[in-house]
1. Within region 1-44, work out how many residues are part of a loop (DSSP other than H, G, I, E, B) and polar (S, T, N, Q).
2. Please determine, by comparing only the residues of region 181-207 that are charged (D, E, K, R) and outside any helix (DSSP H, G or I), which one is surrounded by the most Cβ atoms within 10 Å (Cβ to Cβ).
3. Within 21 Å of Phe180 (Cα to Cα), modelled with pLDDT of 85 or more and either in a helix (DSSP H, G or I) or not β-branched (Val, Ile, Thr) (or both) - does that describe any residue in region 54-67?
4. Run Leu111 past the list (1) in contact (Cβ under 8 Å) with a residue 24 or more places away in the chain; (2) closer than 21 Å to Asn190 by Cβ; (3) surrounded by fewer than 16 Cβ atoms within 10 Å (Cβ to Cβ) and report the number of the one that doesn't hold.
5. Go through region 120-136 and give me each residue that's crowded, with 18+ Cβ neighbours inside 10 Å and not small (Gly, Ala, Ser).
6. Determine the pairs where a residue that is among the β-branched types (Val, Ile, Thr), located within region 196-209, has a partner that is open to solvent by 40 Å² or more (accessible area, probe 1.4 Å) with Cβ atoms under 8 Å apart, the partner being 6 or more residues away or on another chain.
7. Out of (1) modelled with pLDDT of 85 or more; (2) of a type in the set (S, T, N, Q); (3) open to solvent by 60 Å² or more (accessible area, probe 1.4 Å); (4) under 20 Å from Arg90 (Cα atoms), what's the single condition that is false for Ser177?
8. If I go through region 198-215 residue by residue, how many of them are at pLDDT 95 or above and either more than 21 Å from the chain's Cα centre (by Cα) or aromatic (Phe, Trp, Tyr) (or both)?
Amino acid sequence: MTEFIVKEIKRGKYMPGDKLPSERELMEIVNVGRSSIRESLNTLSDMGVLEKRMGIGVFVKKSNVNNLADAYVISALLDTKTAKELLDFRLILEVENAGRAALLATEKELLLMEEAIEMHKEAIDRKLPSIEADNLFHKSIVLATRNNVLIKVYESITELIESFKQDLLKVESKNKSLEFHLQIYEAIKNKDEEGAKLKMKEHLLDVTRRFEYLNHPEQKTRV
C-alpha cells in the first residue's frame with residue numbers, strides 16, 4: 001500500500017497540496033483492509049510525505065532537503081529522469097574528487113581505501129551485499145580532497161541516491177566494482193591524477209548503465 005501511494009505521487013496523480021482519497025475509497029482502489037491503509041498513511045506521515053489534517057483529510061506534503069529523513073523521502077519520490085540527472089552530477093563530482101585525492105591523499109585516507117577494499121573482498125567471499133564497502137571507499141576519496149564544501153555536497157548526493165544503490169544490488173557485479181576500486185586506489189596511491197579521474201569515470205559510467213538497464217530492461221543494455 002505504501003509503495004502504491006508513493007508510485008501515484010511519483011507519476012503526478014497526487015501533487016503537493018492535493019488531498020488523497022478517503023480510507024474507504026483507498027480500500028476499494030487497492031483492495032486491502034483498513035488497517036493496512038492506516039498503517040501506510042501513518043508511515044508516510046511520519047516520513048513527511050503526507051500530512052494529516054484533523055477532520056479534513058490526508059494531503060501530500062512538500063518536503064525540504066534539510067535532514068536525512070527528508071532526503072530519504074525525496075529519493076523515494078524521484079522520477080527516473082531526475083534520478084539519472086543525479087547520477088550524472090555524481091559522475092562530474094566524483095571524477096574531480098578522484099583527481100584531487102590523487103594529489104592530496106594521505107596515509108590515513110589510503111588506509112581507509114584499503115579497508116574498504118578488504119571489506120569488499122569479504123562481501124564477495126561471503127556472498128553478502130557490498131554497499132557498506134562501496135560507501136566507505138567513495139567517502140575516503142572525498143575526505144582526501146580536504147574541501148569541506150565538496151564533502152558536504154557529496155554527503156547530500158549520497159543520501160539522495162541511497163535508494164538507487166539498494167536497487168542496483170539487483171544487477172550488481174561485485175567483482176567488476178571491486179576491480180574498478182582497485183584501479184582507482186592504485187592511481188591515487190601513485191599520485192596519478194589523470195589515471196584516477198579516468199578510472200572513476202569508467203566506474204561511474206558502468207553504474208549509470210546498470211541503472212538504465214534496471215529501469216529499461218527491454219533495451220537489452222549490456223551490463
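1. 2
2. Per the stated criteria, the residue is Asp192.
3. Within region 54-67 (the criterion being within 21 Å of Phe180 (Cα to Cα), modelled with pLDDT of 85 or more and either in a helix (DSSP H, G or I) or not β-branched (Val, Ile, Thr) (or both)), the answer is no, since none of the residues qualifies.
4. Here Leu111 clears every test but (1).
5. Matches in region 120-136: His120, Asp134.
6. Correct list of pairs: Thr208/Lys84; Thr208/Asp88.
7. It is condition (3) that Ser177 fails.
8. Qualifying residue count, region 198-215: 1.
The values are calculated or read from the model by the stated rules, or taken from the named source; none is laboratory data. All values reported here derive from a predicted model rather than from experimental measurement. Methodologically, a virtual Cβ is constructed for each residue, glycine included, from the backbone with ideal geometry; neighbour enumeration extends over all protein chains shown. The protein model used for the area step is the full one, side chains on, heavy atoms only, and it has no ligands, DNA or RNA in it. Shrake-Rupley method; radii C 1.70, N 1.55, O 1.52, S 1.80 Å.
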